[in-house]
Amino acid sequence: MKITFPHMGTSWIGFKSLLEGMGHEVVLPPPPTKQTLDLGTKYAPEFACLPFKVLLGTYLEAIEMGADTIVSSGGVGPCRAGYYTQVQKRILQEQLGYDVRVITFEPLRRNWVGTYRILRDLVQVSLREFLSLTWLTWQKLLALDAIERESHRVRPLERDTGATSRLVAQAFTDIDKANTVREVKDVTKDNLEKMKNIPQDIERQPLKVGVIGEIYVVLEPFVNLDVVETLGHMGVYVDRSIFLTDWTIENTILDAFRVEGEMNIKEAARPYLPELIGGHGQNSIGETVLYAKRGFDGVIQLAPFTCIPEIVAKSIVPKVSEDHNMPVLTLMLDEQTGKAGISTRLEAFVDLLAMRRARLRGETA
Ligand code: SF4
């Protein structure tokens, strides 16, 4: 099998390690580009949301590179993501005639048997080796998240613009090359140490902004047009509401055992949106409330165009914003959105937050 999978942020480093370790040839999904999106948009239903289009484009590129199997995830609940792989499979096989196999992992709590069958088919090593590979993959994902978290803290303070991003790129390469848990821990420690030593202006008091929204657009920099890095270079500390390891614990591991996760977020959202509406709609509301309580200066909501959960959240956000005196900027993202336009809107929002902070502190901006 020549396997590929969705490209979402840095997660490819973990999945590549897992699938290669299991004895498969991996066709790395290329990082999405404008061409990927154009390709996906060409064959996607008109009102499909942005992640659908980018993923379809990615699969088409990976198939051209030789992939014959796609491993992806499904889902249940009000969001359309649950049937997206089925639609993509039809487009690839029936409409475009590709001889490609599509393997879909459904949520564990509903499909222990199906998951077991898929794993039995995919895993070509002993159980012991598989468990140790899974542990190595998990350590890589934790390491990637740790590097990104630290970069969000250091970037707004760096004296040499770009120094943090350069180090982050090197850290990702090191984690990708690491073959054992020990190596993963060593390179992570080494790179975190180097990041701490990047010359920083510790007198700066960066504005603090929370980034919320749908998981794919929050985690994939191409789709969100590098919002996190751009804000960092504007001297803003960003708290990204979603990291893959946290999400996996809450929505895969706890969910598998029917333990409800993210209770604090759901509790905070309850006065405005007591129901789960799919995707991250309810989270976007709860997280806005929590960022206000944590004293953040503002919140940026990333919403794919036609994403119903985020559209619902967007309609509630003004009330939350008013009640908690929390400025919120919603960025609707689609194939027409350009980086220059986003940067201009971010600059204006950051100026507004700076003036607001100065006013609240009784300073002149
Ligand atoms: S949450 Fe929104 S963007 Fe994500 S798959 Fe569902 S509808 Fe699409």
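We did not get these values from a lab; they are worked out from the coordinates using the rules stated. Nothing here was measured: the structure is a model prediction, and the numbers come from that model. Here the Cβ is made from the backbone with ideal geometry for all residues, glycine too, and neighbour counts use every protein chain on show.
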Q: Starting from the Cα of ASP121, step 7 Å toward the Cβ, then list every residue of region 1-38 with an amide N under 11 Å from that point.
A: none
Q | Using a Förster distance of 22 Å, the FRET efficiency for GLU275-ARG109 (Cβ separation, nearest 0.05) | A | 0.70
Q. Under 17 Å from the Cα of LYS194, which lysines turn up, not counting those fewer than eight places away in the same chain?
A. LYS185
(Q) Tell me the relative contact order for region 2-125 as a rounded percent, counting alpha carbon contacts under 8 Å between residues six or more apart. (A) 26
Q. Taking only Cα atoms, what is the 0 to 90° angle, nearest 10, from helix 34-43's long axis to the longest principal axis of the chain?
A. 60
Q | Residues THR252 and THR344, FRET efficiency given R0 of 51 Å [Cβ-Cβ distance, rounded to 0.05] | A | 0.85
Q) Of PHE349, GLY362, ILE242, whose Cα points farthest to the positive end of the dipole of region 206-365 (charges on the beta-carbon: +1 Lys, Arg; -1 Asp, Glu; origin at the Cα centre)? A) GLY362
Q. In the structure displayed, which of LYS140/LYS196; LYS34/LYS314; LYS16/LYS53; LYS2/LYS53; LYS42/LYS177 lie more than 29 Å apart, Cα to Cα?
A. LYS42/LYS177
Q: Run the dipole for region 73-167 about the Cα centre, Lys and Arg Cβ at +1, Asp and Glu Cβ at -1, nothing else charged, and hand back the magnitude in debye, nearest 20.
A: 220
Q | Computed lengthening from VAL87 to GLN170, 0.36 nm per intervening residue step minus Cα-Cα distance | A | 26.2 nm
Q.
Relative contact order for the chain: what percent, with Cα pairs under 8 Å and sequence separation of 6 or more?
A. 16
Q: Let me have the 222 nm mean residue ellipticity of the chain computed from DSSP H runs of 4+ only, each contributing -39500 (n - 2.57), with the sum over all residues rounded to the nearest 500.
A: -16500 deg cm²/dmol
(Q) If you take every DSSP beta bridge fully contained in the chain, what fraction is antiparallel? Give it as a percent rounded to 5. (A) 5
Q. Near the amide H of ILE103, under 5 Å away, which other amide H atoms are found, from residues 5 or more places off or on another chain, if H is placed in the peptide plane?
A. ILE70, VAL71, SER72
Q) In nanometres, what is the gap between the two model label sites at THR245 and ASP351, each 7 Å from Cα along Cα-to-Cβ? A) 4.0
Q) Of PRO221, ALA81, LEU60, which is farthest on the positive side of the dipole of the chain, counting Cα position, with +1 on Lys and Arg Cβ, -1 on Asp and Glu Cβ, and the Cα centre as origin? A) ALA81
Q: Mind checking which aspartates and glutamates have their Cα closer than 16 Å to the Cα of LYS89? Skip sequence neighbours fewer than 8 apart in that chain.
A: GLU61, GLU64, ASP68, ASP99, GLU106
Q) What's the center-to-center distance, using Cα atoms, between region 195-238 and region 28-50 in Å? A) 25
(Q) Between region 330-358 and region 134-150, what is the separation of their alpha carbon centroids in Å? (A) 30
Q) What residue among LEU108, THR330, ALA269 has its Cα farthest toward the positive end of the dipole of the chain, where the charges are +1 on Lys, Arg and -1 on Asp, Glu, each on the Cβ? A) ALA269
Q) Taking Cα atoms, how many degrees apart are the long axis of helix 50-64 and the longest axis of the chain, rounded to 10 and kept between 0 and 90? A) 40
Q. Nearest 20 debye, what's the magnitude of the dipole of region 142-198 about its Cα centre given +1 on Lys and Arg Cβ and -1 on Asp and Glu Cβ?
A. 140
Q. Out of region 46-144, which GluC sites (Glu not before Pro) are coil in DSSP terms and have no more than 11 other C-beta atoms within 10 Å?
A. GLU46
Q | 0 to 90° range, to nearest 10: angle between helix 81-90 axis and the chain longest Cα axis | A | 40
